[in-house]
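The values are calculated or read from the model by the stated rules, or taken from the named source; none is laboratory data. In this text, all values refer to a predicted model and were calculated from it rather than measured experimentally. All Cβ positions, even for glycine, are placed from backbone atoms using ideal geometry, and neighbour counts span all protein chains on display. Each accessible area value is taken on the protein alone, full model and side chains, heavy atoms only, with ligands, DNA and RNA left out. Shrake-Rupley method; radii C 1.70, N 1.55, O 1.52, S 1.80 Å.
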Amino acid sequence: MKIAVIGLGEVGRCYAKALHIAGFQLRLCDTRPAPAASALAATWELPIQTSVGDWLRECDWMLSCVTGAHALGVAEQCLAHAHPGAALCDLTTASPDTKRSAAKLAAARSIRYIDVAIMGAISLSLEKTPLLASGASAAEFAALLTKAGGNARAIHGGAAGDAIALKILRSVFTKGMEALGVELLMAAEAQGVREKLYTQLCDIDETPLRTFIDMLVRTHVIHARRRAHEVHDAAAELAKHGIPSVVLPGVEERFAKTIAKLETQAPPQTEPTIEEALAWLLGKTQPTGAGKG
């Protein structure tokens, strides 16, 4: 089995090294190899191709490790030279739509396309960094990486674009929590109640994360008006202590949008399911019986 690694930055070098140690035959490609890439290739006595060409036809797997901005262009070049049945694994940070477009182009040429999202820091965990893969051959990619000591998980039934979409959505949550956590602990520290705050928040630990998030959204559509006042008061309190919030104005805007919708359309139920709440927020008609168990 021959594997092409296209793009020899940090990601490309990491997986090239793991695959080489595992005994796979590699073909390397980078338009402008950095000294680290050239040194690695020299150690293995392997040439570095500076462009995609007919040499790619002998490869069964292709790992695209370029930047997101170049992802679609590189995919098109690879598809033009790869043999039918080969697999193109896109490890770039390209958008979900870009990866979906590349998947359609690959399918037209009978080439398998796998969307791969890197879910951690390569510099810290190297090939052990968690990867999320979607697409028809995601499980085969995960098996390939496992042989090289990697840590890839396939999304059951996932289509190309799903993996990177989930990575972005995870960032919405984690980066939002990060910003909120910074403001929260700054304000608590300034008032000398940080340790007491941890105690007041400990009940959240007792609820599974999915249940907690669903609860927030389900009850949001019923209690947005009341909670908006609490948000306003909390922002005023932080400002009074010299720590004006950057996060809470956005929270207020989100609540305001829900309140405006409530002025023209009643909430779905007095105790909506998560499906009913989301359908209402998105302006969709909830199918009868959906979400009932």
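Values for this structure:
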| read-out | value |
| --- | --- |
| Prolate/oblate/rounded label for the stretch 1-133 (Cα gyration tensor, a/c 1.5) | oblate |
| Other-chain or far-sequence residues with amide H under 5 Å of LEU63's (modelled H) | ALA4, VAL5, ILE6, CYS89 |
| Candidates ILE114, ILE122, ILE164, ranked by Gaussian network fluctuation over the chain, Cα under 10 Å, top entry | ILE122 |
| Surface per residue (accessible, 1.4 Å probe) for the stretch 213-284, Å² | 62 Å² |
| Euclidean distance between Cα centres, the stretch 240-274 to the stretch 89-125, Å | 35 Å |
| Two-decimal log10 I(q)/I(0) for the stretch 79-209, as the Debye equation yields it once each C-alpha is a single scatterer, q = 0.20 Å⁻¹ | -1.09 |
| Two-site FRET efficiency, GLU237 against VAL217, from Cβ-Cβ distance with R₀ of 30 Å, rounded to 0.05 | 0.75 |
| Across LYS2/LYS147; LYS99/LYS284; LYS128/LYS175, pairs whose alpha-carbon gap is larger than 25 Å | LYS99/LYS284 |
| Amide hydrogen neighbours beyond the local backbone of THR93, cut-off 5 Å, H modeled | GLY68 |
| Residue-normalised accessible area of the stretch 1-122, expressed per residue, 1.4 Å probe, Å² | 44 Å² |
| Once the Cα gyration tensor of the chain is diagonalised, semi-axes √(5λ) in Å | 46, 25, 16 |
| Carbon/sulfur fraction of accessible area - the stretch 2-129, other protein chains in place, 1.4 Å, % | 54 percent |
| Förster radius 41 Å - calculated FRET efficiency between PHE173 and LYS147 (Cβ-Cβ, nearest 0.05) | 0.80 |
